[in-house]
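Step one of this worksheet: look at the structure below.
The values are calculated or read from the model by the stated rules, or taken from the named source; none is laboratory data. Since we're looking at a predicted model, the values are computed, not measured. Methodologically, a virtual Cβ is constructed for each residue, glycine included, from the backbone with ideal geometry; neighbour enumeration extends over all protein chains shown. Just the protein is used for accessible areas: all its heavy atoms, side chains included, with ligands, DNA and RNA removed. Shrake-Rupley method; radii C 1.70, N 1.55, O 1.52, S 1.80 Å.
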Amino acid sequence: MSVPTMIIQLAIAFLTTMGIFGLTLLGSLPLGLLVYFGKTCRFRIIRGIVTVYISIMRGTPLMLQTMVIFFGPSLLFHTQVPDNWRFTAVVIAFIVNYAAYFAEIYRGGIESIPVGQTEAAAVLGYTRGQTFVRIILPQMFRRVMPSLTNEVITLVKDTSLAHVIGTVEMFTRARQIAVAPNSPGMLTFAVAAVFYYVFNYIMAFIMSRIEKKFSYFQ
Amino acid sequence: MILEMKNIQKAFDGLQVLKDISFSVDSGEVISVIGPSGSGKSTLLRCATFLETIDAGSIRYMDILAAATGAEGKAVYAPKKDILKCKSYFGLVFQQFNLFPHFNVLKNLTDAPVLVQKRDRAEVTEEALELLRKMGLSDKANAYPDQLSGGQKQRVAIARALAMNPKVLFFDEPTSALDPELTGEVLKVIRQLAEENMTMVIVTHEMPFARAVSNHVIFMDGGVVVEEGHPEQVFGDPKQERTRQFLQNYNR
């Protein structure tokens, strides 16, 4: 396989990597907020369930979670899984895992906001919902941006864990190419590393721009 | 009568902070509440503004009974709708200002009137700019709170409360978080409001100010009203030994 072909093959597989990355963020950022609500819910049962969920998500490897979600349906219920289940399972596993981390990041951000903000809003007659959306959320995002950047960058690299169930994202593809006869060998891994690095560099840049956008106050 | 609080009781973890306090505010009154730390002055304000719930007693704003002791001896609050109506009758100025840091000064003033009171944005904005002019902050409308000094922040906070057109304005130690040289500008604004017959309740440690600005003084200690009356009487000729002690410590 020639070097240009290898690069094109990796680029095509990188589309899958970006797909996992994009869909995971799209799902887990809002789901994290929902998990946060559960974690701070006044009903003890919900709080308990969410606490256990977060604990499991953080306490077991994402690779294992991905396998459980992928093999779970066929092993437990002996059902036939659809052809695209591989990709779907990866995205579900990633969303559910990252939401747990985002929930804790949100919680840290929200709890660091002075209680006076909520009190001022309450006295002015804001409802709890209005207070959360207009007063708390913008200040929370401002505070958690550095932590979110960390997670986003980790996620780009975590997409390579999808190889464990045979999803052909860039890492899996690079391995396939590198071990094939007459391949560019080590160069394949080097190119894959460049792909990851450049993409992360761009993501870090975008995140820092968003952070700047938020820094008009305080 | 704008506010009438009767036989208020409030305890935190078994510690009785307010012991059967009654307190009322008439239109045009400027009431100063003084007393040592932990006497319950701030808690009284926080109960009046629904930041704390009372254990027993009653709270009435104008024609709305916001809370009253029910059959089981515990205070029962009116439905949310009534409480919201009550909230439109008062404003509260905090010791720590509590401005919204992500809103500029103008938006700090206009957001609640537009969102909560559903008033016309153009009209609210015009009123807000006029309030800022009155506070001497015309040039700060587009500034963010962190660009202001403490005294400016507190004046914005006063303007924010006034933008809701309240019938009574509560102050919870409005100058306690300020450098001494900045308290003057805030006290001046409050004095100006008193001259315009704004009804106010001021919890403060600024004794000369309380004496000058108010027409009624309440001295609290240990969760009860020890003495109250005209400022000249309370400050000039206190009847209670405890009041005398407290004022003496202050004058030293």
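Among the residues of region A:25-41, is any of a type outside the set (Asp, Glu), over 21 Å from the mean Cα position of the chain (by Cα) and surrounded by fewer than 16 Cβ atoms within 10 Å (Cβ to Cβ)? Walk me through it before giving the result.
Within region A:25-41, the subset of a type outside the set (Asp, Glu) is A:25-41.
After this cut, where a residue has to be over 21 Å from the mean Cα position of the chain (by Cα) as well, the list is A:40-41.
Right, trim to surrounded by fewer than 16 Cβ atoms within 10 Å (Cβ to Cβ) and you get A:40-41.
So far as region A:25-41 goes, yes, one or more of its residues are of a type outside the set (Asp, Glu), over 21 Å from the mean Cα position of the chain (by Cα) and surrounded by fewer than 16 Cβ atoms within 10 Å (Cβ to Cβ).
Have a look at B:Asp139, B:Asp120, B:Asp82, B:Asp111 and point out the one that is under 13 Å from B:Arg160 (Cβ atoms) and among the acidic types (Asp, Glu).
B:Asp111
Here are the criteria: (1) open to solvent by less than 30 Å² (accessible area, probe 1.4 Å); (2) within 14 Å of chain A (Cβ to nearest Cβ); (3) not acidic (Asp, Glu). Tell me which single one B:Ala210 does not satisfy.
B:Ala210 satisfies every listed condition except (2).
Let's see how each residue does on (1) open to solvent by less than 20 Å² (accessible area, probe 1.4 Å); (2) part of a helix (DSSP H, G or I):
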residue: B:Asn108; (1), (2): yes, yes
residue: B:Thr125; (1), (2): no, yes
residue: B:Ala128; (1), (2): yes, yes
residue: B:Asn142; (1), (2): no, no
residue: B:Asp146; (1), (2): no, yes
residue: B:Ala159; (1), (2): yes, yes
residue: B:Ala177; (1), (2): no, no
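Answer yes if at least one residue in region A:46-54 is out of contact with any Cys (no Cβ under 8 Å at 6 or more places or on another chain), in contact (Cβ under 8 Å) with a residue 40 or more places away in the chain and either under 30 Å from A:Val191 (Cα atoms) or open to solvent by 30 Å² or more (accessible area, probe 1.4 Å) (or both), and no otherwise.
First, pick out the residues of region A:46-54 that are out of contact with any Cys (no Cβ under 8 Å at 6 or more places or on another chain): A:46, A:48-49, A:51-54.
So of that shortlist, the ones also in contact (Cβ under 8 Å) with a residue 40 or more places away in the chain come out as A:53-54.
Subsequent filtering for residues that are either under 30 Å from A:Val191 (Cα atoms) or open to solvent by 30 Å² or more (accessible area, probe 1.4 Å) (or both) retains A:53.
Checked against the condition, which is being out of contact with any Cys (no Cβ under 8 Å at 6 or more places or on another chain), in contact (Cβ under 8 Å) with a residue 40 or more places away in the chain and either under 30 Å from A:Val191 (Cα atoms) or open to solvent by 30 Å² or more (accessible area, probe 1.4 Å) (or both), region A:46-54 yields at least one hit.
Is there a residue being outside any helix (DSSP H, G or I), within 14 Å of the chain's Cα centre (by Cα), more than 13 Å from B:Leu92 (Cα to Cα) and not aliphatic (A, V, I, L, M) anywhere in region B:196-212? Please lay out each step first, then the result.
In the first step, residues of region B:196-212 are kept if they are outside any helix (DSSP H, G or I); the result is B:196-206.
Next cut, within 14 Å of the chain's Cα centre (by Cα) only: B:198-205.
With the extra rule that they be more than 13 Å from B:Leu92 (Cα to Cα), the set shrinks to B:198, B:204-205.
Add one more test, that the residue is not aliphatic (A, V, I, L, M), and what stays is B:204-205.
Among the residues of region B:196-212, at least one is outside any helix (DSSP H, G or I), within 14 Å of the chain's Cα centre (by Cα), more than 13 Å from B:Leu92 (Cα to Cα) and not aliphatic (A, V, I, L, M), which makes the answer yes.
Does B:Lys134 meet the test of being basic (Lys, Arg) and either in contact with a Ser or Thr (Cβ under 8 Å, 6 or more places away or on another chain) or open to solvent by 50 Å² or more (accessible area, probe 1.4 Å) (or both)?
Details: basic (Lys, Arg): yes; either in contact with a Ser or Thr (Cβ under 8 Å, 6 or more places away or on another chain) or open to solvent by 50 Å² or more (accessible area, probe 1.4 Å) (or both): yes.
So B:Lys134 fits the description; yes.
Somewhere in region A:184-194, is a residue within 14 Å of chain B (Cβ to nearest Cβ) and either closer than 30 Å to A:Gly108 by Cα or open to solvent by less than 50 Å² (accessible area, probe 1.4 Å) (or both)? It would help to see each step written out before you state the result.
Kept after step one, since they are within 14 Å of chain B (Cβ to nearest Cβ), are these residues of region A:184-194: none.
Within region A:184-194, none of the residues are within 14 Å of chain B (Cβ to nearest Cβ) and either closer than 30 Å to A:Gly108 by Cα or open to solvent by less than 50 Å² (accessible area, probe 1.4 Å) (or both).
Which one of the conditions (1) aliphatic (A, V, I, L, M); (2) surrounded by fewer than 20 Cβ atoms within 10 Å (Cβ to Cβ); (3) at pLDDT below 95 does B:Val17 fail to meet, given that it meets all the rest?
With respect to (1) aliphatic (A, V, I, L, M); (2) surrounded by fewer than 20 Cβ atoms within 10 Å (Cβ to Cβ); (3) at pLDDT below 95, B:Val17 is out only on (2).
Got at least one residue in region A:83-100 being free of Cβ contacts under 8 Å to residues at least 12 places away in the same chain, more than 14 Å from every other protein chain (Cβ to nearest Cβ) and part of a helix (DSSP H, G or I)?
Initial filter on region A:83-100 (free of Cβ contacts under 8 Å to residues at least 12 places away in the same chain): A:83-84, A:88.
Next, only the ones that are more than 14 Å from every other protein chain (Cβ to nearest Cβ) stay: A:83-84, A:88.
Imposing the further condition that a residue be part of a helix (DSSP H, G or I) reduces the set to A:88.
The answer is yes; a qualifying residue exists.
Just give me the residues in region B:50-63 being touching a residue at least 24 places away in the same chain (Cβ under 8 Å), away from every other protein chain (no Cβ under 14 Å) and not basic (Lys, Arg), in sequence order.
If the condition is that a residue be touching a residue at least 24 places away in the same chain (Cβ under 8 Å), away from every other protein chain (no Cβ under 14 Å) and not basic (Lys, Arg), then B:Ile54, B:Asp55, B:Ala56, B:Gly57, B:Ser58, B:Ile59, B:Met62 are the ones that fit.
If you scan region A:132-155, which residues turn out to be over 18 Å from the mean Cα position of the chain (by Cα), more than 7 Å from chain B (Cβ to nearest Cβ) and open to solvent by less than 10 Å² (accessible area, probe 1.4 Å)?
Residue satisfying the conditions is A:Met140 alone.
What's the number of the only condition in (1) open to solvent by less than 20 Å² (accessible area, probe 1.4 Å); (2) within 9 Å of another protein chain (Cβ to nearest Cβ) that B:Asn104 fails to meet?
Checking B:Asn104 against (1) open to solvent by less than 20 Å² (accessible area, probe 1.4 Å); (2) within 9 Å of another protein chain (Cβ to nearest Cβ), the one that fails is (1).
Return yes or no: is A:Tyr126 away from chain B (no Cβ under 14 Å), of a type in the set (Phe, Trp, Tyr) and either surrounded by 18 or more Cβ atoms within 10 Å (Cβ to Cβ) or closer than 19 Å to B:Gln96 by Cβ (or both)? Steps first, please.
Working: away from chain B (no Cβ under 14 Å): no; of a type in the set (Phe, Trp, Tyr): yes; either surrounded by 18 or more Cβ atoms within 10 Å (Cβ to Cβ) or closer than 19 Å to B:Gln96 by Cβ (or both): yes.
Criteria not met by A:Tyr126.
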